[in-house]
1. For region 6-22, does any single residue satisfy the condition of being modelled with pLDDT under 85, within 18 Å of the chain's Cα centre (by Cα) and outside any helix (DSSP H, G or I)?
2. Looking at region 52-73 only, could you name the residues that are under 21 Å from Glu140 (Cα atoms), outside any helix (DSSP H, G or I) and either touching a strand residue (DSSP E or B) at 6+ places or on another chain (Cβ under 6 Å) or aromatic (Phe, Trp, Tyr) (or both)?
3. Filter region 115-147 for residues that are surrounded by 10 or more Cβ atoms within 10 Å (Cβ to Cβ) and of a type in the set (S, T, N, Q); which is nearest to Ala91 (Cα to Cα)?
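The values are calculated or read from the model by the stated rules, or taken from the named source; none is laboratory data. As the structure is a prediction and not an experimental result, all values here were calculated from the model. With ideal geometry, Cβ positions are generated from the backbone for all residues, glycine too; neighbour counts draw on all protein chains shown.
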Amino acid sequence: MKKFTQFSTHLAIATLLPLAAVAAQDFPARKAGLWEIKSKDNPFANWTTCIGAGKDNFVDSDVWTDFGKECKVVTSKKNGAGQTLVANCEAAGTGKVKLTVDYSGNFESAYSFKSISEFKDSGGNITRQVFNVKATYRGECPADLGPGKKKMQRP
């Protein structure tokens, strides 16, 4: 019985290790400075932002605020020139959300991503929101826009 318990414990740990590795994934670091974020299909995703060293996680600032607290990564894998991330998130307004993000770029001069959020609306129907975003590095941050700050723009 003791050997079975040890085997079960080792099996459980071995099963969880790949999930922990995915959850601890580091996202590409953006170059510090001014970034312009633009989306043709989301009027609320048009802004400039000043990125400081250490606050360069694009998923947390461009896709889902508090991603690390509200989302659990299910998979993360290479897809040609980029990466695909799938996570289960919990949102105050909609409850459980399946988030898929396809992203690519060098994160020094530009990057792009497609964000797909799927959740059940109040009628129980699946609602799907898709946003395509392009980000371009614009140089030094202006004096009136400190690190972590955004300035909204009209498309």
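1. Looking for residues that are modelled with pLDDT under 85, within 18 Å of the chain's Cα centre (by Cα) and outside any helix (DSSP H, G or I), one finds none in region 6-22, hence no.
2. Asp56
3. Here the answer is Ser117.
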